[in-house]
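*Asks:* Questions regarding the structure given below will be posed in turn.
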């Protein structure tokens, strides 16, 4: 097991990746309260929203208002998903810290999710990067999220060589942050170890993030193996909310509080106040209208102690 003093950085994506699949619209005031509360838990990054078409994702139709109203905490990166140059213009006007560009490693998922080929996605990446560079005063970082990096629900296995080729082309655009996404929870620990070890060795200059779904119950196991391989940044979603609306069977992300609890139980520094995080997670069920999948919210952290029940028998 690879251990070290390096801090693990946790990025919460519940407000975007979590809420995008929910059938109910969470009011802007509630999203704002959640975002501001998350900002005070010690998270490194919060993906606040997506500047996509409100018709495509009605749950995030309030992107501009939300991004403009949040209380920004020092040291927290506030990111937004941006699908194209129009979305980039809107995001820049709201002062986002990071633009998250998304593409798929597989052809079929790319068509289902984005209605374009991976080649066209790369062209849009280039267009967005050019737009930002041409915008006076624009100071924003770029992150590229590579969906289906561990497998596609339509095409099956995605060859590692294909993933490597796309990373090479993304890096050539000057993008130094890349997220490897297990979009529908198809990854397994042995595969995660191989892919993560290889990309870290090939591109030491790139900051890689791992993004796992818990669709088949392997989310935390995959996160642990990615950490052992050297990954130090992880996406997760408060309460385990989320899933891709255009990928069959894509249930929620790894729960942020479960991920933080696992690392802290191992003695790994996350910088996150777990109790504060659990308090925010407890606000989610009434907002979305259903129970959450996060386990630590239900059972409590392993450090919690309970009173010994009284004796049942006599004599």
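Where a number appears in this text, it was derived from the coordinates with a stated rule and is not lab data. Keep in mind that this is a model prediction, so the values were computed, not measured. Reconstructed Cβ throughout: ideal geometry from the backbone, glycine too, with neighbour counts over all protein chains shown.
*Asks:* Between residue 154 and residue 56, what's the calculated FRET efficiency when r is the beta-carbon distance and R0 is 22 Å? Round to 0.05.
*Replies:* With a Förster radius of 22 Å, E is 0.65.
*Asks:* Got a sec? How would 116, 186 order by Cβ neighbour count within 10 Å, fewest to most?
*Replies:* 116, 186
*Asks:* Just check region 11-79 against the gyration tensor rule for me: Cα atoms, a ≥ b ≥ c as the square roots of the eigenvalues, rounded for a/c under 1.5, and otherwise prolate or oblate depending on whether a/b exceeds b/c.
*Replies:* In terms of gyration-tensor shape, prolate.
*Asks:* Kindly identify the chain as rounded, prolate or oblate by the Cα gyration tensor criterion: order the square roots of the eigenvalues as a ≥ b ≥ c, call it rounded if a/c is under 1.5, otherwise compare a/b with b/c, prolate if a/b is larger, else oblate.
*Replies:* Cα axes put the chain in the prolate bin.
*Asks:* Using helices alone, what [θ] at 222 nm do you get for the chain, with -39,500 (n - 2.57) per DSSP H run of 4 or more residues, divided over all residues and rounded to the nearest 500?
*Replies:* Helix-only estimate at 222 nm: -11000 deg cm²/dmol.
*Asks:* Describe numerically, in nm with one decimal, the distance between label points set 7 Å from Cα along Cα→Cβ at residue 40 and at residue 228.
*Replies:* Here the modelled spin labels are 3.9 nm apart.
*Asks:* Which order results if 215, 85, 183 are arranged by neighbouring Cβ count within 10 Å, fewest first?
*Replies:* 85, 215, 183
*Asks:* Counting only C-alpha contacts under 8 Å and six or more residues apart, can you give the relative contact order of region 9-299 as a whole percent?
*Replies:* Computed value for region 9-299: 20 percent relative contact order.
*Asks:* When DSSP assigns beta bridges and you keep just the ones with both residues in the chain, what percent turn out antiparallel, to the nearest 5?
*Replies:* Percent antiparallel among DSSP bridges in the chain is about 5.
*Asks:* By how many nm would the segment from residue 172 to residue 123 lengthen if fully extended, with 0.36 nm per residue of separation less the alpha-carbon distance?
*Replies:* Going from the current span to full extension adds 16.4 nm.
*Asks:* If r is the Cβ-Cβ distance from residue 279 to residue 206 and R0 is 45 Å, what FRET efficiency results, to the nearest 0.05?
*Replies:* 0.85
*Asks:* Per residue and in cubic angstrom, what volume does the convex hull of the Cα atoms of region 12-159 have?
*Replies:* Hull volume normalised by residue count: 115 Å³.
*Asks:* Using Cβ counts within 10 Å as a stand-in for footprinting exposure, how do 31, 55, 45 rank, fewest first?
*Replies:* 55, 45, 31
*Asks:* Using alpha carbons only, how many degrees (0 to 90, rounded to 10) separate the axis of helix 189-202 from the longest principal axis of the chain?
*Replies:* 50 degrees
*Asks:* Rounded to the nearest 10 degrees, what's the angle between the helix 118-134 long axis and the longest principal axis of the chain, both from Cα atoms, 0 to 90?
*Replies:* That works out to roughly 80 degrees.
*Asks:* May I ask for the angle, rounded to the nearest 10°, between helix 219-229 and the longest principal axis of the chain, with both axes built from Cα atoms and the value confined to 0 to 90°?
*Replies:* Relative to the chain, helix 219-229 is tipped by roughly 70 degrees.
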